[in-house]
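S.K.: Please find one structure pasted underneath; my questions will follow.
Read-outs: derived from the displayed coordinates by stated rules, not from any lab. Since the model is a prediction, treat every value here as computed from it, not as a measurement. With ideal geometry, Cβ positions are generated from the backbone for all residues, glycine too; neighbour counts draw on all protein chains shown.
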Amino acid sequence: MLKIDNLQATVADKPILKGLSLEINPGEIHAIMGPNGAGKSTLGYTLGGRPGYEVTGGSVTFDGQDLFELEPHERAAAGLFLGFQYPVEIPGVSFVQFLREAANAQRKGRGEEPLSGGEFLKLAKEKAGLLRLDMDMLKRPVNVGFSGGEKKRAEMVQMGILDPKLAILDETDSGLDIDALRVCGEGINAIMRAPDKAVLLITHYQRLLDYVKPDFVHVLANGRIVKSGGPELAHQLEAEGYEAVAA
Amino acid sequence: MTLAATLPTRKDEAFRYADFDALAGVWPIAREEIVVAAGQEDSRQIVELGEAAVARHLAIRVEKGAKLDLRILTAGPAYGRIAVDVELAEGADFLLGAAQLATGSETLEIVTEVTHCEQNATSMQVIRSALAGHSTGTYLGRIAVARGADGTDAEQSVRAMLIDRTATANARPELEIYADDVKAAHGCAVGELDAQGLFYLASRGLTPPQAKRLMLQAFVAEAFIGAPNEEALSEAALARLESIL
């Protein structure tokens, strides 16, 4: 589904990703762990197409298509979802309005019929229920006045509504209390665990992986994947630290 | 109705950023008097959506304890000038919400002079400009507080969004205060749409024009919050935004 080959990227002319390779197949959940500054968030933003994150080498294909040929909104329509570590506040724009437009823009991009207002609200209600987020929150401006945990749950509600093929989730677990962590973990499983979908979890800690069991765990250090393994690698990292394991 | 005689020049501060060729075509500007009688509440809307140059001058007096809710939407004219002079008597309340949307080589301006003549009057001005292409949007806003007009509470919130870097925004808030017990606040900012917000919206599948339109719609709507016909004003603004983007 996603094939990253020797990816190199810079931010403000500073090399951050220095030859990263990774292949994700349908049905798989991958976790990328690593210390601060390893390039984890840069990987997410580069794949999402954030301005300022410049690809200087290597290639990425998504379902056989050159990902970097696509604009950010086209990547979304192709089935890529980026869960933000710090979801952006957008005053004056309600979640419901924005998500309905987003869902329908994606459907249009795929040549599908738009959702009616009723169909959309039903879908939004279902996904909000799954993440235990009050539907009234979605009538408010995007992320404005939301707590850290509410923002992350709202990210997962968006993922549920947009129903992507591949979700890249950047530190979805940061800022969550224990209950919210479990709710988000269960939400990810309910929405994304399917034979035709895949997830790339970017995280510092093992704790989210108690709920979302990865098939593969990779250690990212200094812009490259330095070690890959199964779920046991996450436990080893938690016990021994990045330095010992990545050395 | 009184008419001013001679065409102003660029040296005339209130006309400094005007489009003088267009101004000559609409000169002289008729003065439109509005009086809100003591204790009364009134609301007015000035909506200019046509392409032809337009210049208006409202001279308003809000009498003791009266309230006026004035909204302005200028979105379409090649040259659009709305000048508003307001005198506030004791305890009067004046709210102005104004939005101007321009593209091409359009020049739009809003010029206000709000005078707190007596005690305890309140005024609030919310001005939003969204400017594309090579357009120019200007706000010149003067608040004067007369001697003895204690208890005055005057606020200006002025923001301009440059949709393209080729557009120009001018903003000149001014305060002239001759009383002691006065609350006067003004905020003024010229900027571009938040790049992070645009990327966030795009990452969910909105095309760049859709993302810009959503954010600008919210920005402009701030001028119409609480208006008696808020929805109609917002819809008219949205229609113009869609044609600009």
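S.K.: Quick one: how many residues across the stretch A:98-110 are surrounded by fewer than 17 Cβ atoms within 10 Å (Cβ to Cβ) and out of contact with any helix residue (DSSP H, G or I) (no Cβ under 7 Å at 6 or more places or on another chain)?
M.R.: 2
S.K.: Same structure again: Among the residues of the stretch A:209-226, what is the count of those that are surrounded by 18 or more Cβ atoms within 10 Å (Cβ to Cβ), touching a helix residue (DSSP H, G or I) at 6+ places or on another chain (Cβ under 6 Å) and within 25 Å of A:Met192 (Cα to Cα)?
M.R.: 5
S.K.: Can we say A:Phe120 is of a type outside the set (Lys, Arg), in contact with a strand residue (DSSP E or B) (Cβ under 7 Å, 6 or more places away or on another chain) and away from chain B (no Cβ under 13 Å)? Show your work before the answer.
M.R.: Values: of a type outside the set (Lys, Arg): yes; in contact with a strand residue (DSSP E or B) (Cβ under 7 Å, 6 or more places away or on another chain): no; away from chain B (no Cβ under 13 Å): yes.
In short, no.
S.K.: Quick check on my filter: what residues within the stretch A:40-76 are in contact with a Gly (Cβ under 6 Å, 6 or more places away or on another chain) and either more than 10 Å from chain B (Cβ to nearest Cβ) or surrounded by fewer than 21 Cβ atoms within 10 Å (Cβ to Cβ) (or both)?
M.R.: Within the stretch A:40-76, just A:Lys40 meets the criteria.
S.K.: What strands (runs of 3 or more DSSP E) completely inside the stretch B:1-106 contain at least 3 residues that are among the hydrophobic types (A, V, I, L, M, F, W, C)?
M.R.: Working: elements: B:31-36, B:41-48, B:54-62, B:67-75, B:79-88, B:93-102.
Those strands (runs of 3 or more DSSP E) span B:31-36, B:54-62, B:67-75, B:79-88, B:93-102.
S.K.: From the list A:Leu123, A:Leu80, pick out the single residue that is over 30 Å from A:Asp5 (Cα atoms) and crowded, with 17+ Cβ neighbours inside 10 Å.
M.R.: Criteria check complete, one pass: A:Leu123.
S.K.: So, of the residues in the stretch B:205-214 that are within 28 Å of the chain's Cα centre (by Cα) and surrounded by 24 or more Cβ atoms within 10 Å (Cβ to Cβ), which turns out to be farthest from the other protein chains (Cβ to nearest Cβ)?
M.R.: Residues of the stretch B:205-214 that are within 28 Å of the chain's Cα centre (by Cα), as a first pass: B:208-214.
Narrowing the set further to residues that are surrounded by 24 or more Cβ atoms within 10 Å (Cβ to Cβ) leaves B:211, B:214.
Working: B:Ala211: 8, B:Leu214: 5 Å.
Residue satisfying both the conditions and the ranking: B:Ala211.
S.K.: Just to be sure, is B:Ala202 part of a helix (DSSP H, G or I), buried (at least 18 other Cβ atoms within 10 Å of the Cβ) and among the small types (Gly, Ala, Ser)?
M.R.: Yes; evaluated as a whole, the condition is true for this residue.
Residue by residue, here is whether (1) in contact (Cβ under 8 Å) with a residue 12 or more places away in the chain; (2) within 15 Å of B:Glu176 (Cα to Cα); (3) in contact with an Asp or Glu (Cβ under 7 Å, 6 or more places away or on another chain) holds:
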{"site": "B:Ala92", "(1), (2), (3)": "yes, no, yes"}
{"site": "B:Thr103", "(1), (2), (3)": "yes, no, no"}
{"site": "B:Glu118", "(1), (2), (3)": "yes, yes, yes"}
{"site": "B:Ile127", "(1), (2), (3)": "yes, no, no"}
{"site": "B:Gly133", "(1), (2), (3)": "yes, no, yes"}
{"site": "B:Thr138", "(1), (2), (3)": "yes, no, yes"}
{"site": "B:Gly148", "(1), (2), (3)": "yes, yes, no"}
{"site": "B:Asp153", "(1), (2), (3)": "yes, yes, no"}
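S.K.: A further question follows. Check A:Glu150, A:Glu113 and return the single one that is more than 9 Å from chain B (Cβ to nearest Cβ), surrounded by fewer than 22 Cβ atoms within 10 Å (Cβ to Cβ) and in a helix (DSSP H, G or I).
M.R.: A:Glu150
S.K.: Of the conditions (1) under 18 Å from B:Ser135 (Cβ atoms); (2) out of contact with any Lys or Arg (no Cβ under 8 Å at 6 or more places or on another chain), B:Val220 clears all except one; give me its number.
M.R.: Evaluating B:Val220 over (1) under 18 Å from B:Ser135 (Cβ atoms); (2) out of contact with any Lys or Arg (no Cβ under 8 Å at 6 or more places or on another chain) leaves (2) as the failure.
S.K.: In the stretch B:221-232, which residues are more than 9 Å from every other protein chain (Cβ to nearest Cβ) and assigned to a helix (DSSP H, G or I)? It would help to see each step written out before you state the result.
M.R.: At the first step, the residues of the stretch B:221-232 found to be more than 9 Å from every other protein chain (Cβ to nearest Cβ) are B:223-232.
Within the stretch B:221-232, B:Glu230, B:Glu231, B:Ala232 meet the criteria.
S.K.: Turning to a different aspect of this structure: Do you know which residues across the stretch B:186-204 are at the interface with chain A (Cβ under 9 Å from one of its Cβ atoms) and among the small types (Gly, Ala, Ser)?
M.R.: Residues of the stretch B:186-204 that are at the interface with chain A (Cβ under 9 Å from one of its Cβ atoms), as a first pass: B:194-204.
Result: B:Ala195, B:Gly197, B:Ala202, B:Ser203.
S.K.: Report whether or not A:Gln106 is touching a residue at least 40 places away in the same chain (Cβ under 8 Å), within 14 Å of chain B (Cβ to nearest Cβ) and either in contact with a strand residue (DSSP E or B) (Cβ under 6 Å, 6 or more places away or on another chain) or more than 20 Å from A:His204 (Cα to Cα) (or both). Steps first, answer last, please.
M.R.: Working: touching a residue at least 40 places away in the same chain (Cβ under 8 Å): yes; within 14 Å of chain B (Cβ to nearest Cβ): yes; either in contact with a strand residue (DSSP E or B) (Cβ under 6 Å, 6 or more places away or on another chain) or more than 20 Å from A:His204 (Cα to Cα) (or both): yes.
Against the criterion (touching a residue at least 40 places away in the same chain (Cβ under 8 Å), within 14 Å of chain B (Cβ to nearest Cβ) and either in contact with a strand residue (DSSP E or B) (Cβ under 6 Å, 6 or more places away or on another chain) or more than 20 Å from A:His204 (Cα to Cα) (or both)), A:Gln106 qualifies.
S.K.: Quick one: A:Val96 ticks every box in (1) assigned to a strand (DSSP E or B); (2) within 14 Å of chain B (Cβ to nearest Cβ) bar one, so which box is it?
M.R.: Exception for A:Val96: condition (1).
S.K.: Given the conditions (1) within 14 Å of chain A (Cβ to nearest Cβ); (2) among the basic types (Lys, Arg); (3) not in a strand (DSSP E or B), report the number of the one that B:Arg159 does not fulfil.
M.R.: (3)
S.K.: Please pick out the residue among A:Leu233, A:Leu176 that is part of a loop (DSSP other than H, G, I, E, B) and farther than 22 Å from A:Thr61 by Cβ.
M.R.: A:Leu176 is the lone residue from the list that is part of a loop (DSSP other than H, G, I, E, B) and farther than 22 Å from A:Thr61 by Cβ.
S.K.: Could you go through the stretch B:78-89 and let me know if any residue there is surrounded by fewer than 18 Cβ atoms within 10 Å (Cβ to Cβ) and either within 17 Å of the chain's Cα centre (by Cα) or in contact (Cβ under 8 Å) with a residue 24 or more places away in the chain (or both).
M.R.: yes
S.K.: So, of the residues in the stretch A:153-188 that are among the small types (Gly, Ala, Ser) and within 14 Å of chain B (Cβ to nearest Cβ), which turns out to be nearest to the chain's Cα centre (by Cα)?
M.R.: A:Ala167
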